[in-house]
Amino acid sequence: MSIRTPLCDVLGIEHPIVLGGMMGISDAKLTAAVSNGGALGTLSSATFGVDGTRTELQSLTELTNRPYSVNLPLFHPMVPKLLDLLPEYGVRIVTTSAGNPTKYIEVLKDMGIYVMHVVSSVRTAQKAQDAGVDAIVAEGSESGGKVALDEVPTISLLPQVVDAVEIPVVAAGGFASGSGLLAALAMGAQGVQMGTRFLAAEESRAHPNWKQVLVDAGDSATAIALRNSSPTRLIKNEFWEYMDSKDEPGKKAMDFMELQGEGSAKIPTDVDGSQGNYTAGTGSGLIRDVKPSADIIEEVVAEATAGMKKLQGLFS
């Protein structure tokens with residue numbers, strides 16, 4: 001059973017599914033598990049530091065021989081040092097985010113790297129294409145973690161980006177099921193990026209309490225905090241309310257790093273899910289269980305395939 005798009009052939013993957021580069025979560029173990037399942041794993045880099053990323057890349061060489069991507073948050077000052085690691089470990093795909101790719105695109109292209117860039121608007125998608133990136137990841141406000149101030153939902157953003165650029169587009173934000181994959185393909189995407197769903201994978205380093213919060217989550221479990229300064233989507237609980245009370249125009253993401261760290265530190269003892277910092281997208285309401293990454297991928301593809309067969313019966 002397979003769903004193949006042109007992007008699958010370019011990336012060398014079996015299924016049009018990409019792991020989101022979640023800070024502190026998308027390590028070598030999870031990345032390899034997703035890649036070994038036939039999708040594209042993505043290694044988060046900046047949160048591990050230069051030495052830590054080197055260790056994760058070394059682990060990847062031992063855990064998989066399948067394609068994977070490395071996420072580079074372009075705002076981070078250590079990006080130039082992270083770039084030096086890429087040819088050493090034969091990295092062939094990079095996902096850039098949180099910044100303008102123009103600054104590093106020439107260096108990445110000289111390394112022979114395929115570049116996917118995460119955007120949240122039509123304007124930034126067009127600018128990224130003009131800069132020379134190979135594919136776009138169009139991420140709507142349903143995604144977990146930091147979201148754009150404009151809060152454009154994926155269902156509106158995706159078809160506009162597809163119409164505005166000539167390069168492949170991957171849909172992101174709220175995807176956690178086969179029906180979502182099918183919808184994204186119908187709107188012109190060549191794949192979906194999923195983060196939250198893989199948070200609840202067996203290979204994920206997320207604490208069991210975090211995974212249980214996701215399994216228990218309903219349709220309205222998440223909300224965006226800090227709308228006036230650093231919009232961030234996470235599970236709405238007592239920590240969410242406390243963090244949101246610190247919202248103040250002019251503040252930046254870095255101003256809340258310590259506070260979010262305190263919330264994350266509470267997760268191991270947060271048995272009722274009320275006190276922890278649980279980053280999650282709206283797709284958390286679709287999560288019913290914790291299972292291996294390969295099984296998640298198989299389930300998503302099977303559901304999308306079954307959904308397509310039902311849709312075909314509606315057309316005469």
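The values are calculated or read from the model by the stated rules, or taken from the named source; none is laboratory data. As the structure is a prediction and not an experimental result, all values here were calculated from the model. Neighbour counts are summed over all protein chains in view; Cβ atoms, including those assigned to glycine, are modelled from backbone coordinates with ideal geometry.
Checking Pro249 against (1) within 29 Å of Val152 (Cβ to Cβ); (2) out of contact with any helix residue (DSSP H, G or I) (no Cβ under 8 Å at 6 or more places or on another chain); (3) in a helix (DSSP H, G or I), which single condition isn't satisfied?
(3)
Where residues in the range 137-148 are in contact with a Lys or Arg (Cβ under 8 Å, 6 or more places away or on another chain) and either part of a loop (DSSP other than H, G, I, E, B) or free of Cβ contacts under 8 Å to residues at least 40 places away in the same chain (or both), which of them is surrounded by the most Cβ atoms within 10 Å (Cβ to Cβ)?
Ser143
Wholly within the range 1-94, which helices (runs of 4 or more DSSP H) include no fewer than the required count, namely at least 2 residues that are touching a strand residue (DSSP E or B) at 6+ places or on another chain (Cβ under 9 Å) and under 19 Å from Val301 (Cβ atoms)?
Once the helices (runs of 4 or more DSSP H) in the range 1-94 are filtered for at least 2 residues that are touching a strand residue (DSSP E or B) at 6+ places or on another chain (Cβ under 9 Å) and under 19 Å from Val301 (Cβ atoms), what remains is 6-11, 28-36.
Output the residues belonging to the range 262-296 that are assigned to a helix (DSSP H, G or I) and closer than 19 Å to Ser179 by Cα.
Matches in the range 262-296: Thr282, Gly283, Ser284, Gly285, Leu286, Ser293, Ala294, Asp295, Ile296.
Within the range 222-245, can you find the residues that are among the charged types (D, E, K, R) and in contact with a strand residue (DSSP E or B) (Cβ under 9 Å, 6 or more places away or on another chain)?
The answer is Arg233, Lys236, Glu241, Asp244.
Okay, residues lined up against (1) surrounded by fewer than 24 Cβ atoms within 10 Å (Cβ to Cβ); (2) modelled with pLDDT under 90; (3) more than 25 Å from Thr102 (Cβ to Cβ):
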| residue | (1), (2), (3) |
| --- | --- |
| Pro6 | yes, no, yes |
| Gly20 | no, no, no |
| Ala46 | yes, yes, no |
| Arg54 | yes, no, yes |
| Arg66 | yes, no, yes |
| Met78 | yes, yes, no |
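May I ask you to list the residues in the range 54-75 that are in contact with a Gly (Cβ under 7 Å, 6 or more places away or on another chain) and over 30 Å from Ala253 (Cα atoms)?
Scanning the range 54-75 gives a single hit, Pro67.
Return yes when Thr232 is of a type in the set (Ser, Thr, Tyr), in contact with a helix residue (DSSP H, G or I) (Cβ under 8 Å, 6 or more places away or on another chain), modelled with pLDDT of 95 or more and closer than 22 Å to Ser141 by Cα and no when it is not.
no
Quick one: in the range 211-231, of everything that is crowded, with 18+ Cβ neighbours inside 10 Å and polar (S, T, N, Q), which residue is farthest from Pro153 (Cα to Cα)?
Residue satisfying both the conditions and the ranking: Ser229.
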